[in-house]
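The structure appears below as structure tokens.
The values are calculated or read from the model by the stated rules, or taken from the named source; none is laboratory data. Small disclaimer: the values here were computed from a predicted structure and weren't measured. Ideal geometry is used to build each Cβ from the backbone, glycine not excepted, and the neighbour counts take in all protein chains shown. Calculation scope for accessible area: heavy atoms of the full protein, side chains included, ligands and nucleic acids excluded. Shrake-Rupley method; radii C 1.70, N 1.55, O 1.52, S 1.80 Å.
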Amino acid sequence: MGNFVDIASADGFKVPAWVAQPEGKARGAVVVLQEIFGVNSHIRAVADRLAARGYLAVAPATFARVQPGVELGYSEQDMQDGIALKSRVEALPGAGVLPDIQAAIDHAAQAGGGKVGIVGFCWGGLLTWRAACELQGLSAAVCYYGGGMTTTEESARTPKAPVLAHFGDRDHFIALDSVQAFGRAHPEVEVHVYDADHGFNCDQRGSYDEPSATLARERTLAFFAKHVG
């Protein structure tokens, strides 16, 4: 359903992005932000499913500035490689990868012809939170188990768009008490906690939890239907 295209960031850097087109006129657009495993088959499948629901979906390769063509699996070595790549991106000067996400939002708005939402997973969930607080042109944001977004530093940000956040109560990367503190700090954010582990939405991981993934997906689609179209 989709294919890779190059999107120009503000400084002229070409960001590869998986773009999935819906049949007929798009009801809006959704930017999909990867985990630490690149725009792999899971992220492409998320984009394709959104396109099947009528949205133009754009999944930018947020590792591209440090290493192009990243597509990892979920082994321990893949995990370590992904963590190292994430650290390199987080160390980029200035706004880091946010201008590339802004370019994806702008492309989505133009190509989709309507409002734009954003959804991200793990590191992409953190970037989604930052995008909702710092970038322009978003009508809704959905964070799945955003690693780091419940820290005091990140919680101090203020979102410019409605935000929905999904967390697992057995997530060993994100402490439940930090999720609860985040919820208290941001009563405007719709926070849901599931009986699940980190990565519960990904059906390629051992932590996949189908009931939680299904419920979170239903809530996400309803959120986008309300705020994006």
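Annotations
- The GNM of the chain, with springs linking C-alpha atoms under 10 angstrom apart, assigns the highest mean-square fluctuation among Leu126, Leu135, Leu92 to Leu92.
- Cα gyration tensor shape for the chain, rounded if a/c is under 1.5, else prolate or oblate: rounded
- Inter-site label distance for Ala156 and Glu134 at 7 Å from Cα along Cβ, in nm: 1.4
- Taking every alpha-carbon pair under 8 Å whose residues sit at least 6 apart, the chain reaches a relative contact order of 17 percent.
- Helix-only mean residue ellipticity at 222 nm for the chain, each DSSP H run of n ≥ 4 adding -39500 (n - 2.57), per residue, nearest 500: -11500 deg cm²/dmol
- Ratio of Rg to Rh over the stretch 13-94 (Cα coordinates, Kirkwood Rh, two decimals): 1.04
- Gain in span if fully extended, Ala52 to Phe4, counting 0.36 nm per residue against the direct Cα distance: 15.5 nm
- Of Thr151, Thr158, the residue with the largest accessible area leads and the full order is Thr158, Thr151 (1.4 Å probe).
- Counting only Cβ charges, +1 for Lys and Arg and -1 for Asp and Glu, the dipole size of the chain around its Cα centre is about 760 debye.
- Added length on full extension, which subtracts the Cα-Cα distance from 0.36 nm per residue, Ala181 to Ala84: 32.1 nm
- Loop-located chymotrypsin sites (Phe, Trp or Tyr not before Pro) in the stretch 1-88 (DSSP state not H, G, I, E or B) with no more than 14 neighbouring Cβ atoms inside 10 Å: Phe13.
- Potential lengthening between Ala91 and Glu23 on full extension [0.36 nm per residue; Cα-Cα distance subtracted]: 20.5 nm
- Cα gyration tensor, the stretch 141-229 - rounded (a/c under 1.5), prolate or oblate: oblate
- Cross-link reach is defined here as a Cα-Cα straight distance under 20 Å, omitting same-chain residues fewer than 8 places apart; for Lys86 the aspartates and glutamates meeting it are Glu35, Glu71, Glu76, Asp78, Asp100, Glu134, Glu153, Glu154, Asp171.
- Toward the positive end of the charge dipole of the stretch 1-159, with +1 on the Cβ of Lys and Arg and -1 on the Cβ of Asp and Glu, the farthest Cα among Ala61, Ala109, Trp18 is that of Ala109.
- Selection of trypsin sites (Lys or Arg not before Pro), the stretch 58-118, meeting DSSP coil and at most 15 other Cβ within 10 Å: none
- Integer Hz, Karplus 6.51/-1.76/1.60 couplings in order for the stretch 141-155, x for Gly and Pro: 9, 10, 10, 9, 5, x, x, x, 6, 9, 5, 4, 4, 6, 5
- Look at the dipole of the stretch 1-141 built from charges on Cβ: of Gly124, Ala140, Leu33, the Cα furthest out on the positive end belongs to Ala140.
- Taking Gln80, Gln102, Gln34 in turn, the Gaussian network model of the chain (Cα-Cα springs below 10 Å) assigns the largest fluctuation to Gln80.
- Low-density loop cleavage sites - GluC sites (Glu not before Pro) in the stretch 1-99, where at most 13 other Cβ are within 10 Å (DSSP): Glu23
- Span-like helix ranges in the chain, DSSP H, alpha carbon extent 18 angstrom or more, Kyte mean at least -1.0: 76-90, 98-112, 210-227
- Alpha-carbon centroids, the stretch 104-132 and the stretch 28-43: separation in whole Å: 10
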